[in-house]
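Below is one structure, written out as structure tokens; the observations come after it.
The values are calculated or read from the model by the stated rules, or taken from the named source; none is laboratory data. These numbers come from a predicted model, not from an experiment. Positions of Cβ are backbone-derived with ideal geometry, glycine not excepted, and every protein chain shown enters the neighbour counts.
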């Protein structure tokens, strides 16, 4: 079988990537060793930037219909919440939605786009040659070799693709583990629930009448994550920590998780790329792992598609690692801080200073500026990429605000609606240009509209034109009023980002 791209792993990251590739006309094939979709959900949230990405592809309503929103989220489970509602986004909230539901919705989208997902198929070997890659796949019909131009490993922390590519995965082994359980029965009084929460137990209602409990037991936090959790162990831990077992019974899933932290040396080695947990693992503090993987996929998809379709500038595919690797490292640092705050409060000799440190951090979270900074980091709304050229406008690399528009040649009423097809979007904010005239010869890659703004936005004050990348970040912006000068700048920006005519 011959395809453009083989994606190994049908979790949220792999499915999101496959959708992005298919949207750009790339033949993508997904192979997944699991025979059935994931039933249990380690991740439970989509943060604001991930919801924005779904909005940019016209999918947000599907997710919002299957989840529920919360105005903020936690940092190290401190009492003061991160206030996402204060951030500059139409989606200033956490969307509480199980990972299994996210996977199902992305799988539905993949089917709509014609993506084939082969389940029960395991990638057992991979090799690269001058014109592509060969992936040996073992499935229900035996072994076969898939020939592709590129391969992307979205196959988790133990990624075979990463190992086959020889990409290093340095970091630290786990020093702390926690437990989670999804229970059909939770027979606890309000006082017992309050006592559990005060002891650091996270209690979350799930779909289908289940309730999740998550905690780190000081007496069991050095148990290796590979050791199975038993119902008896879980109950005993709850009793030690909060005085009761909260009446938990009928567990559907019990699991242990650790704080091993590793980042791939590079997210690309020739024709082999990595995304999601294959590129970065860390403690699941604040639920950032799945979200970071989705954002990897959004960054990589259009760049890899441009390479396959033959118009990518020479530097573009390398920019995936240059942009996303630092983000993975920042998330790892962020989660390490949160883990340390938890661990210091649990280890006996550090409990008093640990409690004092948590109290100090909680006070800091009460400060608007501090709260906003950490909220922007955890939500990924603050993610910005370095400009491709020196002297760029300060907006370049930042996410484009979803401002309201009145377009002369489009029914779109806001920016993100213009991104549904996964193309660049060129906006003439003076409202004077003609539709499409700025991008002659690049019409399949760039949507160009002249608009007037219905929403004023401080960051866009004085901006006359802007080029938005397919992933919603700003590639180029100018505040020049002179039309001749703008034309020169625009031509250079389009040549740099969207390739030749």
Out of (1) farther than 30 Å from residue 346 by Cα; (2) within 22 Å of the chain's Cα centre (by Cα); (3) not in a helix (DSSP H, G or I), the one residue 103 does not meet is (3)
Exclusive hit being outside any strand (DSSP E or B), closer than 22 Å to residue 335 by Cβ and not assigned by TED's automatic domain parsing to the domain that holds residue 101, set 229, 204
229
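Does residue 357 satisfy the condition of being part of a helix (DSSP H, G or I), modelled with pLDDT under 95 and closer than 24 Å to residue 94 by Cβ?
Working: part of a helix (DSSP H, G or I): yes; modelled with pLDDT under 95: yes; closer than 24 Å to residue 94 by Cβ: no.
Judged against the criteria, residue 357 is not a match.
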Looking at residue 475, is it in a helix (DSSP H, G or I), in contact with a strand residue (DSSP E or B) (Cβ under 6 Å, 6 or more places away or on another chain), closer than 21 Å to residue 302 by Cβ and not assigned by TED's automatic domain parsing to the domain that holds residue 311?
no
Any residue in the range 358-367 that is within 25 Å of the chain's Cα centre (by Cα) and buried (at least 17 other Cβ atoms within 10 Å of the Cβ)?
yes
So how many residues does the range 373-403 have that are buried (at least 17 other Cβ atoms within 10 Å of the Cβ) and outside any loop (DSSP other than H, G, I, E, B)?
7
